[in-house]
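Please treat every number below as a calculation from the coordinates, not as lab data. Treat the numbers as computed from the prediction; the structure is a model and nothing was measured. For neighbour counting, all protein chains shown are included, and Cβ atoms are generated from backbone atoms with ideal geometry for every residue, glycine included.
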Amino acid sequence: MRYLSEYRDPEVARSLVHQIRDTATRRWVMMEVCGGQTHTIVKQGLGELLGDAVEMIHGPGCPVCVTPLEQIDKALALAARPDVIFASFGDMLRVPGSDCDLQQVRARGGAVRVVYSPLDALALAQANPDKEVVFFAVGFETTAPANAMAVWRARELGVPNFSVLVSHVTVPPAMRAILDAPDNRVQAFLAAGHVCTVMGWTEYEPIAAEYRVPIVVTGFEPIDILEGIHFAVRQLEDGRHEVENQYVRAVTRAGTVPARSLVEQVFRLADRKWRGIGEIPGSGLVLRDEFAAFDAEAKFGLGDVTVEEPAECRAGDVLRGRLKPHQCPAFGSRCTPEHPLGAPMVSSEGACAAYYNYGRFREMEVVGRGS
Ligand code: SF4
């Protein structure tokens, strides 16, 4: 299949692994930002193939995982209201809130609907004028354009019973927060190709220059990731710190300008709390004042809520790359995909789910050999 099978070619992968190992004169530490990349790395065993050349640590780029507990609790409160149809992408349904999840609210009679697009939620509002339809607008810069479009269309069409519960986050402030941490180990980043398809990479240039860290815009297939790692290792060995683009088949420096423009017209930057990590200044998107009528938090008077994260879940350490998922004491015992304690075990992009589904037997073997 064009644009797929050639990026999974074992011969090309083998050659890239050799090139990386031949280029590296020491072990470099790099972080892939995106949860989709984490899944490819763990599923394909790329970390093991790289041996002593590169240590990959997994970043906070799983949108489901970083949606703060407060926003999940607000979603649960809205979904339980008899006057509300709560629409969401399917992977948010099993994310644990303080007491339950959206799936449990649905089992108790809440009108929770899975949709594939925010425009489907808007259509739901048009078809149910006697109900309030709220869409759970989560994710990074990748989902923001479609959510912005839904709000824009709702205003254009005059749909008063549609609103969005916004929990958007953006990547560059999170990269800065990781690099600013006193215990940071990241020496290079693989930036998420789909985020850059929308946003381009100009936002990364000052980060690369200021922190002297290579950033390689990278795709999601095994060859993409190995090539991105090779680019980053070459920069590290040369003492360079630039933004390079591996994902040339999808990304340009300017990104998708109409999508960026729509996002900028509908949303503005604001401080945002990340689940397990805490507040990162300027890392969130909220609706601009002219779209306030579509803000579910204002419409339903949800206000400020502060809740404590469950102490047992070490998601914050996992999302910052301080802890590998299998090093969490609850991993695979009290926390499994069937009975998750935290979002990284639920999401299709979560690092804990990746290790559980693809990596746990390898890790168990390693633990067994050493003990
Ligand atoms: S294994 Fe479970 S409890 Fe541990 S960090 Fe991951 S999601 Fe949280």
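Each label point was placed 7 Å from the Cα along the Cα-to-Cβ direction; for Arg2 and Glu279 their separation is 5.1 nm. Trypsin sites (Lys or Arg not before Pro), restricted to the range 215-317: which are DSSP loop and have at most 15 other Cβ atoms within 10 Å? Passing sites in the range 215-317 are Arg240, Arg249, Arg253, Arg288. Using the structure shown, select from Lys299/Lys324; Lys273/Lys324; Lys43/Lys273 the pairs with a Cα to Cα distance greater than 32 angstrom. Too far apart for the 32 Å limit: Lys299/Lys324.
Applying the criteria of a DSSP loop state and at most 12 other Cβ atoms within 10 Å to the chymotrypsin sites (Phe, Trp or Tyr not before Pro) of the range 65-155 yields Tyr116.
Computed from label points 7 Å out along Cα-Cβ, the spacing between Ser261 and Gln103 is 4.2 nm. Normalised size of the range 278-359, defined as Cα radius of gyration per 2.2 N^0.38 Å with N residues, equals 1.42. A simple charge model with +1 on the Cβ of Lys and Arg, -1 on the Cβ of Asp and Glu and nothing else charged puts the dipole of the chain at about 420 debye relative to its Cα centre. Projecting the Cα atoms of Ser348, Ala80, Phe267 onto the charge dipole of the chain (Cβ charges, centred on the Cα centre) puts Ser348 farthest toward the positive pole.
Dipole of the chain computed with +1 at Lys/Arg Cβ and -1 at Asp/Glu Cβ about the Cα centre; of Leu119, Cys335, Leu285, farthest Cα towards the positive end is Cys335.
The residues packed around Arg275, meaning those with a beta-carbon under 10 Å from its beta-carbon, carry a net charge of -1 if Lys and Arg are +1 and Asp and Glu are -1. Restricting the range 178-221 to chymotrypsin sites (Phe, Trp or Tyr not before Pro) that sit in a DSSP loop and have at most 10 other Cβ atoms within 10 Å of their own Cβ leaves nothing. According to the Kirkwood relation over distinct C-alpha pairs, the hydrodynamic radius of the range 143-266 is 15.9 Å. Using alpha carbons only, the radius of gyration of the range 3-51 set against its Kirkwood radius gives Rg/Rh = 0.97. Each listed q (0.06, 0.09, 0.11 Å⁻¹) maps to a log10 I(q)/I(0) for the chain from the Debye sum over equal C-alpha point scatterers, namely -0.23, -0.52, -0.77. Counted by Cβ distance under 11 Å from Ser167, the other residues give a net charge of +2, where Lys and Arg count +1 and Asp and Glu count -1.
Taken one residue at a time, the phi angles of the range 206-220 give Karplus couplings (6.51, -1.76, 1.60, θ = phi - 60°) of x, 5, 4, 6, 5, 9, 6, 10, x, 10, 10, 5, 9, x, 10 Hz. Gly and Pro are set to x. Compactness of the range 1-154 was expressed as the Cα radius of gyration divided by 2.2 N^0.38 Å, which yields 1.41.
Across the range 96-115, the residues whose backbone nitrogen lies under 15 Å from the label position 7 Å along the beta-carbon direction of Glu312 are 96-100.
Modelled spin labels at Arg253 and Arg288, positioned 7 Å past Cα toward Cβ, are 2.7 nm from each other.
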